[in-house]
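These notes are about the structure you will find just below.
The values are calculated or read from the model by the stated rules, or taken from the named source; none is laboratory data. Note that the structure is predicted; figures quoted are calculated from it, not measured. All Cβ positions, even for glycine, are placed from backbone atoms using ideal geometry, and neighbour counts span all protein chains on display. Ligands, DNA and RNA are excluded from the accessible area calculation, which covers all protein heavy atoms including side chains. Shrake-Rupley method; radii C 1.70, N 1.55, O 1.52, S 1.80 Å.
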Protein chains: 4
Amino acid sequence: MKPLNIGMIGYGFMGKAHTNAYAQANHFFESEHHPVLKALCARNKEKAQHFADNWGYESIETDWREMLKRDDIDAVDICTPNNLHKEIAIEAAKAGKMILCEKPLAMNTAEGEEMCKAVEDAGVANMVWYNYRRVPAVSLAKKLIDEGRLGQIFHYRANFLQDWTINADVPVGGAATWRLDAEAAGSGVTGDLLAHCIDTALWLNGGIADVSAVTETFVKERVNAETGEKQPVKIDDACSFMCHFDNGSLGLFESTRYARGHKALYTLEVNGEHASLRWDLHDLHRLEYFDHSDDSVVRGWRSIHVSDGDQPYMGNWWVPGLQIGYEHTFIHQVADFLKSLDTGEPASPSFREALETQKVCDAVLASADERAWKNV
Amino acid sequence: MKPLNIGMIGYGFMGKAHTNAYAQANHFFESEHHPVLKALCARNKEKAQHFADNWGYESIETDWREMLKRDDIDAVDICTPNNLHKEIAIEAAKAGKMILCEKPLAMNTAEGEEMCKAVEDAGVANMVWYNYRRVPAVSLAKKLIDEGRLGQIFHYRANFLQDWTINADVPVGGAATWRLDAEAAGSGVTGDLLAHCIDTALWLNGGIADVSAVTETFVKERVNAETGEKQPVKIDDACSFMCHFDNGSLGLFESTRYARGHKALYTLEVNGEHASLRWDLHDLHRLEYFDHSDDSVVRGWRSIHVSDGDQPYMGNWWVPGLQIGYEHTFIHQVADFLKSLDTGEPASPSFREALETQKVCDAVLASADERAWKNV
Amino acid sequence: MKPLNIGMIGYGFMGKAHTNAYAQANHFFESEHHPVLKALCARNKEKAQHFADNWGYESIETDWREMLKRDDIDAVDICTPNNLHKEIAIEAAKAGKMILCEKPLAMNTAEGEEMCKAVEDAGVANMVWYNYRRVPAVSLAKKLIDEGRLGQIFHYRANFLQDWTINADVPVGGAATWRLDAEAAGSGVTGDLLAHCIDTALWLNGGIADVSAVTETFVKERVNAETGEKQPVKIDDACSFMCHFDNGSLGLFESTRYARGHKALYTLEVNGEHASLRWDLHDLHRLEYFDHSDDSVVRGWRSIHVSDGDQPYMGNWWVPGLQIGYEHTFIHQVADFLKSLDTGEPASPSFREALETQKVCDAVLASADERAWKNV
Amino acid sequence: MKPLNIGMIGYGFMGKAHTNAYAQANHFFESEHHPVLKALCARNKEKAQHFADNWGYESIETDWREMLKRDDIDAVDICTPNNLHKEIAIEAAKAGKMILCEKPLAMNTAEGEEMCKAVEDAGVANMVWYNYRRVPAVSLAKKLIDEGRLGQIFHYRANFLQDWTINADVPVGGAATWRLDAEAAGSGVTGDLLAHCIDTALWLNGGIADVSAVTETFVKERVNAETGEKQPVKIDDACSFMCHFDNGSLGLFESTRYARGHKALYTLEVNGEHASLRWDLHDLHRLEYFDHSDDSVVRGWRSIHVSDGDQPYMGNWWVPGLQIGYEHTFIHQVADFLKSLDTGEPASPSFREALETQKVCDAVLASADERAWKNV
């Protein structure tokens, strides 16, 4: 077993999800490599220590630059707000560390280009946490499409609907709500939610050629969580866009935090010549599949409970009928990263792949700004 | 076109459902025969006239014996409370009328035997309104089973769940609530609801050999709707039973009027060696189907929207995707009755077939009474 | 009872649906007025006679101009392809006939304006068959929105997805496939399917200010059903658009005939501040409703089986739990038309109301053509 | 932090599920106590070592009696086939170890009585792994019932349906299929599946008074996995029973391994005077709830996505909308066991509580054997 010494930056929601993945991956997936929780880095020493103790990190740091200097760190995991991704990643690359970066890759395409150059120049392993690719049902969708079961694709549509910012008293900024602060987050739902939808779409259906988008900010002013002052809200509360894929299919995407009743409803649907499929994060263990070649009188959408040993990743878990959940997508991503170290094949999505999502996001925001179609 | 002159007895819920079926059948289904709404019979002359006018009955009668004397009546439709079925049917048979009798056939097996003998002696066409056989999804289930797609059957289960008598203020007796009056109805949910489940089961899965049942009456006393006096409730509010079918499969049936949240939830499921199917009256246009021969990674329950032209009865209605409803089951039954007149083949279910359901009901009630398994 | 003498033009799918509605409305809904199937008009005499006989039309005509001359016709129902609506409607108005016109109102806004002027100048009752307003679940949605239960609306989205033209061998033109012929239909999915979505949206959520649309024609050439020659396909196979409503909410609409697995999947969803609702034509008897004011631990989307007597139109049908179907939407529209005659209140949607949908369709097509946002 | 030194017996499916729970509990739930994976015991030394290495057990044993002698073991976890539960538990109690025993408690009630006496005489903490109580949705159901939201209960029904033994080539006995061997398992679906249903039922709805059951063995002979010889199958392939609860409600239970299409479909439904609820293991993160006090026009079954911080256990996991899975039920049970050590309150279900389920199972099997109602 070869140790993979992890230096984690951040202990928030994603810090927990990634840490759990490092702790669990080898329990269920075999690899020559074994993640070691070597160091946890965060500015607040007390909280960092508490998190480190709970998860078994061997040490803490309060300055990420110090952590990058350590020889006992092989890989850096970036779980900070988006506006810090670039600087940390570039420095980590210079320090020769592998980098696992939370999505979206960067604040914009220009930053992302710099980051790609940095990791490629340094020749370090790199990956972005677009975790939903590793939902077994989504991986199964990929397999079905790649096998040609859908035939020519006509339509791709995806939604990511939430409702947690309808309340105008939700503040902006601070640890809990930095996603509403344009300076920390870059954008609103586009970078936070649509980025997931776009990454999956590019993976499943190929490149996007052009987009026409609209954004909206329903609550125009909010109180800053730290200063207590009112400030204009500069992120997009909602964003929809239409697009053409390179393969000739039409795309339709929507994201919002104002869809009452939806907590985290990421859905996708692909309509092909021979078959269609759809998936929904609220029931992530199911894939809906329609196969036109079924005998006509018994043709219908199949609800596939993706929990059998021959379905992606599921042979490593329990028995048919028993579902796994959200956190497992990260475990799968770590398992695949470890396998990439075993085999020497690059992990996916790399920074370079994630940059494509960034380009679409930029085109979307520009299109909404200019009320015009934009090429990606 | 040959007229089929109908004499309808009763104008309640079933009187309306049957009348609508006579009015509509030829609009959607071709036949040499054409129902004519010749006479409506009911004791209350004013209400009878109102109903007759609305639906276009040519005449009214207030005494069913008078109606039986008329030469211009070919077929009598019995929509009275259960305790009148026997007498009317026997007299109608003697008068040489075809008989379409609302279910259950009779108050008990003994009565049913007399009725069968009467129609068979008279040689008159006869049918009982077990309408759920003619839900297209249920007819499709029949077709799939008969084609052998399920293979050996292991389990058959059915529920009929309602919640309308939970309120202890619902009275017993009278026009609206005669179903709670044992003298008019014979039994409670057994004859009213389980009879439907049993008829379908016998049709789909063959004969029942023995049963073990339990009944319950949750509200012990209710006010009589006509007298205003409290009286003991003698019908079964709920009834469950287990059984063996002749083909070796196990059956499980339940019915109640105390299942909060279910209005008329008739569901059935059949599990076979190769495939399973299930159906639900609350979404009657869908059949769920699981086929084990599907490729394992995309195997799942199919939700079949039974609205295509090659599915039972649906070629006579609208276009794929557009659903029909409850009332259409009666239209289909009339259409099939007319077809039986065209071809000379007996209509189904005949009195004799419906008698089998009566026998199971009797065994169920006896089993509950004696707390013992009973052969049918 | 006052007769309303109907002159029907066309005996296709819509001719049957409307005729059934006239035949059934009084059976279930009381009115002083009573539709009489006076005349059926179609060019093919034999087929016209067959249809008339089946439904009880008293006479036939083969030239609609002749029918307009008849004094015994009160109301004309236009069930022709779209390109004939204008001329017939204007002549019928001149002849003083009430007009019930199949949707979309016209080939375009300009035609629609002329038609509105004609009926308003003539002062004749007029209505367009946007039947989906009268699905009980959709009417219930309207009631809930109008009561303010949703609060401020943030999002409105609707789809109308079909799959019947994926096969490139489906011809264009002729009686069965005139909808693929731009000369007869005006447009493809926009006028056929999106028009329904738009009508409902305007009714539920108010006016649309501007749109950005995209259209696609996947199969570029098809054989003409009558000539057997290949010809370019000029209608839109698919159309999506984004929009702003006057109330500040965002709209997202999509329609296609290339969504494998969907027969006629019209869905709509409205997200408001306090509540959300959604509906789906494939299960038209259900309304999904989420109420944020529910106690938080038991909050969830409610699946409302719209079949109770206190829900729109349902008091006139069967009992709770028993569903109605597609054809009933037309019966409800006739019943409401008859009620409008009883009360003198105009029927809805009038030509003038339907013109608003036409304007949105025109803006959508222009936007797609010019790849630019267009005001309505 | 006080260590809780675990000695695990068995490394099969349940050994893995329990071990994972010990490894994960403190990561998500705070406690003064901290499980330590001290020793793994199994007869096959090589496999034991492999499992121990993977999960971090500090040592292995190949004889459970040796493990019981060790002073560094605080608690013994019994994950053996059922026929070894009694002996190990009694010896462990004598050795003063806490005991966490896989369900069902014992081969029969007599064994269970001895085991209860042993742990109670020894005064050691004890618990049985009826893990489904700790599905958040099921815990929520318990809370709703205990708050009186359902009012008087009329009906309780539960199913546990599988399909994995339909194939007659599945062998009996051996590590993988000991559940088909009556000598190792005691019974078939009754002890394996119905025991879960019964435990939950007793917890939610109180004691069961009497039962009437039927069992079936569809495949009469199978090959022994170890000897290769054909032998009669002595376990029950399917079992259904009806019952009366002490509170007057009716129960209906069914379990089988011959329900094609169902992998592990444990469903339960409770119908009360004011409300009903239902749950399904295949979508374990959802609870369906119907509240009759909802305004009638918007009344419907609510699909509650149990993933909010105020719902049982969920405040310790991710964010609303993100689901957890099967394995978490064990983590919750460990967390609750640790809490019981913190507080001194006994853990639940104790051996004594689990004995009640054993009594019902015995009555069920006796009833099926004798074809008669049996008191529990």
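Pick from C:Val219, C:Val214, C:Val223, C:Val233: which is touching a Leu at 6+ places or on another chain (Cβ under 8 Å) and farther than 22 Å from C:Trp373 by Cβ? Spell out how you get there, then give the answer.
Numbers: C:Val219 fails: touching a Leu at 6+ places or on another chain (Cβ under 8 Å); C:Val214 fails: farther than 22 Å from C:Trp373 by Cβ; C:Val223 fails: touching a Leu at 6+ places or on another chain (Cβ under 8 Å).
Testing whether each residue is touching a Leu at 6+ places or on another chain (Cβ under 8 Å) and farther than 22 Å from C:Trp373 by Cβ leaves just C:Val233.
Does region B:129-153 hold any residues that are open to solvent by 20 Å² or more (accessible area, probe 1.4 Å) and assigned to a helix (DSSP H, G or I), and which are they? Before you say what the answer is, go through the steps one by one.
Initially, region B:129-153 is screened for residues open to solvent by 20 Å² or more (accessible area, probe 1.4 Å), giving B:134, B:142-143, B:145-149, B:151-152.
Scanning region B:129-153 gives B:Arg134, B:Lys142, B:Lys143, B:Ile145, B:Asp146.
Over 30 Å from A:Thr329 (Cβ atoms) and either under 23 Å from the mean Cα position of the chain (by Cα) or not β-branched (Val, Ile, Thr) (or both) - does that describe any residue in region D:301-321?
Step one: filter region D:301-321 for residues over 30 Å from A:Thr329 (Cβ atoms), giving none.
No: region D:301-321 contains no residue that is over 30 Å from A:Thr329 (Cβ atoms) and either under 23 Å from the mean Cα position of the chain (by Cα) or not β-branched (Val, Ile, Thr) (or both).
Could you list all residues from region A:248-263 that are basic (Lys, Arg) and open to solvent by 10 Å² or more (accessible area, probe 1.4 Å)?
We begin by selecting, within region A:248-263, every residue basic (Lys, Arg); these are A:257, A:260, A:263.
Those that are basic (Lys, Arg) and open to solvent by 10 Å² or more (accessible area, probe 1.4 Å): A:Arg260, A:Lys263.
Can you pull out the strands (runs of 3 or more DSSP E) entirely within region C:1-88 that have at least 1 residues that are in contact with a Phe, Trp or Tyr (Cβ under 9 Å, 6 or more places away or on another chain), open to solvent by 10 Å² or more (accessible area, probe 1.4 Å) and closer than 25 Å to B:Asp53 by Cα? Talk me through it step by step, then tell me what you get.
Values: elements: C:2-9, C:33-41, C:59-61, C:75-78.
In region C:1-88, the matching strands (runs of 3 or more DSSP E) lie at C:33-41.
For region C:24-45, which positions are in contact with a Ser or Thr (Cβ under 9 Å, 6 or more places away or on another chain) and of a type in the set (D, E, K, R)?
So the first thing to find is which residues in region C:24-45 are in contact with a Ser or Thr (Cβ under 9 Å, 6 or more places away or on another chain), and the list is C:25, C:27, C:37-45.
Across region C:24-45, the qualifying residues are C:Lys38, C:Arg43, C:Lys45.
Considering only region D:292-315, I want to know if a residue exists there that is closer than 22 Å to D:Lys16 by Cα, in contact with a helix residue (DSSP H, G or I) (Cβ under 9 Å, 6 or more places away or on another chain) and at pLDDT 95 or above. Break it down stepwise before answering.
Applying the first criterion (closer than 22 Å to D:Lys16 by Cα) to region D:292-315 yields D:313.
From what's left, in contact with a helix residue (DSSP H, G or I) (Cβ under 9 Å, 6 or more places away or on another chain): D:313.
Among the residues that remain, those that are also at pLDDT 95 or above are: D:313.
So far as region D:292-315 goes, yes, one or more of its residues are closer than 22 Å to D:Lys16 by Cα, in contact with a helix residue (DSSP H, G or I) (Cβ under 9 Å, 6 or more places away or on another chain) and at pLDDT 95 or above.
For region C:103-119, check the following and say yes or no: at least one residue is in contact (Cβ under 8 Å) with a residue 12 or more places away in the chain, more than 27 Å from C:Ala368 (Cα to Cα), in the same structural domain as C:Gly7 (by TED's automatic domain parsing) and acidic (Asp, Glu).
No.
Name the residues in region C:310-336 that are more than 11 Å from chain B (Cβ to nearest Cβ) and in a loop (DSSP other than H, G, I, E, B), would you?
Listed by number, the residues that qualify are C:Asp310, C:Gln311, C:Pro312, C:Tyr313.
When you go through (1) closer than 25 Å to C:Asp369 by Cβ; (2) free of Cβ contacts under 8 Å to residues at least 40 places away in the same chain one by one for A:Thr343, which number turns out not to apply?
(1)
So is A:Ala175 touching a His at 6+ places or on another chain (Cβ under 6 Å), of a type in the set (Gly, Ala, Ser) and touching a residue at least 60 places away in the same chain (Cβ under 8 Å) or not? Show your work before the answer.
Numbers: touching a His at 6+ places or on another chain (Cβ under 6 Å): no; of a type in the set (Gly, Ala, Ser): yes; touching a residue at least 60 places away in the same chain (Cβ under 8 Å): yes.
Spelling it out, it is not the case that A:Ala175 is touching a His at 6+ places or on another chain (Cβ under 6 Å), of a type in the set (Gly, Ala, Ser) and touching a residue at least 60 places away in the same chain (Cβ under 8 Å).
Of the residues in region D:202-244, how many are among the hydroxyl-bearing types (Ser, Thr, Tyr), out of contact with any Asp or Glu (no Cβ under 9 Å at 6 or more places or on another chain) and in a strand (DSSP E or B)? Before you say what the answer is, go through the steps one by one.
If we filter region D:202-244 for residues that are among the hydroxyl-bearing types (Ser, Thr, Tyr), which is where we start, we get D:212, D:215, D:217, D:227, D:240.
From what's left, out of contact with any Asp or Glu (no Cβ under 9 Å at 6 or more places or on another chain): D:212, D:227.
Still in the running and in a strand (DSSP E or B): D:212.
Selection size over region D:202-244: 1.
Just one of D:Thr200, D:Thr215 is in contact with a helix residue (DSSP H, G or I) (Cβ under 7 Å, 6 or more places away or on another chain), open to solvent by 40 Å² or more (accessible area, probe 1.4 Å) and among the hydroxyl-bearing types (Ser, Thr, Tyr); which is it? Before the answer, list the steps.
Details: D:Thr200 fails: open to solvent by 40 Å² or more (accessible area, probe 1.4 Å).
The conditions single out D:Thr215.
Regarding region D:271-279, can at least one residue be identified that is assigned to a loop (DSSP other than H, G, I, E, B), within 14 Å of chain A (Cβ to nearest Cβ), crowded, with 24+ Cβ neighbours inside 10 Å and in contact (Cβ under 8 Å) with a residue 12 or more places away in the chain? Walk me through how you get there before you give the answer.
Of all residues in region D:271-279, those assigned to a loop (DSSP other than H, G, I, E, B) come to D:273-274.
Now narrow it down to the ones that are within 14 Å of chain A (Cβ to nearest Cβ): none.
No, region D:271-279 contains no residue that is assigned to a loop (DSSP other than H, G, I, E, B), within 14 Å of chain A (Cβ to nearest Cβ), crowded, with 24+ Cβ neighbours inside 10 Å and in contact (Cβ under 8 Å) with a residue 12 or more places away in the chain.
For D:Gly174, work out the one condition from (1) open to solvent by 40 Å² or more (accessible area, probe 1.4 Å); (2) modelled with pLDDT under 95 it doesn't fulfil.
Going through (1) open to solvent by 40 Å² or more (accessible area, probe 1.4 Å); (2) modelled with pLDDT under 95 one by one, D:Gly174 breaks only (1).
Is there a residue being open to solvent by 30 Å² or more (accessible area, probe 1.4 Å), more than 11 Å from every other protein chain (Cβ to nearest Cβ), within 25 Å of A:Asp163 (Cα to Cα) and in a loop (DSSP other than H, G, I, E, B) anywhere in region D:292-308?
So far as region D:292-308 goes, no, none of its residues is open to solvent by 30 Å² or more (accessible area, probe 1.4 Å), more than 11 Å from every other protein chain (Cβ to nearest Cβ), within 25 Å of A:Asp163 (Cα to Cα) and in a loop (DSSP other than H, G, I, E, B).
Report, by residue number, each residue of region C:280-293 that is more than 18 Å from A:Trp301 (Cβ to Cβ) and without any contact (Cβ under 8 Å) to a residue 24 or more places away in the chain. Give the steps one after another, and end with the answer.
Narrowing region C:280-293 to residues more than 18 Å from A:Trp301 (Cβ to Cβ): C:285, C:287, C:289-293.
Result: C:Phe290, C:His292, C:Ser293.
Consider D:Pro232 against the criteria (1) touching a residue at least 24 places away in the same chain (Cβ under 8 Å); (2) more than 14 Å from every other protein chain (Cβ to nearest Cβ); (3) more than 30 Å from B:Ile166 (Cα to Cα): it satisfies all of them except one. Which criterion is unmet?
For D:Pro232, the exception is condition (1).
Checking C:His27 against (1) touching a strand residue (DSSP E or B) at 6+ places or on another chain (Cβ under 6 Å); (2) free of Cβ contacts under 8 Å to residues at least 60 places away in the same chain, only one condition comes out false. Which one?
Among (1) touching a strand residue (DSSP E or B) at 6+ places or on another chain (Cβ under 6 Å); (2) free of Cβ contacts under 8 Å to residues at least 60 places away in the same chain, C:His27 violates only (1).
Out of C:Asp210, C:Asp181, I need the residue that is open to solvent by 10 Å² or more (accessible area, probe 1.4 Å), in contact (Cβ under 8 Å) with a residue 40 or more places away in the chain and more than 16 Å from C:Trp164 (Cα to Cα). Which one?
Values: C:Asp181 fails: more than 16 Å from C:Trp164 (Cα to Cα).
It is C:Asp210.
Can you name every residue in region A:249-263 that is in a loop (DSSP other than H, G, I, E, B) and more than 7 Å from every other protein chain (Cβ to nearest Cβ)?
Kept after step one, since they are in a loop (DSSP other than H, G, I, E, B), are these residues of region A:249-263: A:249, A:257-263.
Of everything in region A:249-263, those that are in a loop (DSSP other than H, G, I, E, B) and more than 7 Å from every other protein chain (Cβ to nearest Cβ) turn out to be A:Ser249, A:Arg257, A:His262.
Would you say C:Tyr266 is within 14 Å of chain B (Cβ to nearest Cβ), among the aromatic types (Phe, Trp, Tyr), buried (at least 20 other Cβ atoms within 10 Å of the Cβ) and part of a strand (DSSP E or B)?
Working: within 14 Å of chain B (Cβ to nearest Cβ): yes; among the aromatic types (Phe, Trp, Tyr): yes; buried (at least 20 other Cβ atoms within 10 Å of the Cβ): yes; part of a strand (DSSP E or B): yes.
Against the criterion (within 14 Å of chain B (Cβ to nearest Cβ), among the aromatic types (Phe, Trp, Tyr), buried (at least 20 other Cβ atoms within 10 Å of the Cβ) and part of a strand (DSSP E or B)), C:Tyr266 qualifies.
Restricting the search to region A:317-376, which residues are small (Gly, Ala, Ser), within 14 Å of A:Cys243 (Cα to Cα) and either touching a helix residue (DSSP H, G or I) at 6+ places or on another chain (Cβ under 9 Å) or crowded, with 23+ Cβ neighbours inside 10 Å (or both)?
Correct list: A:Ala363, A:Ser367, A:Ala368, A:Ala372.
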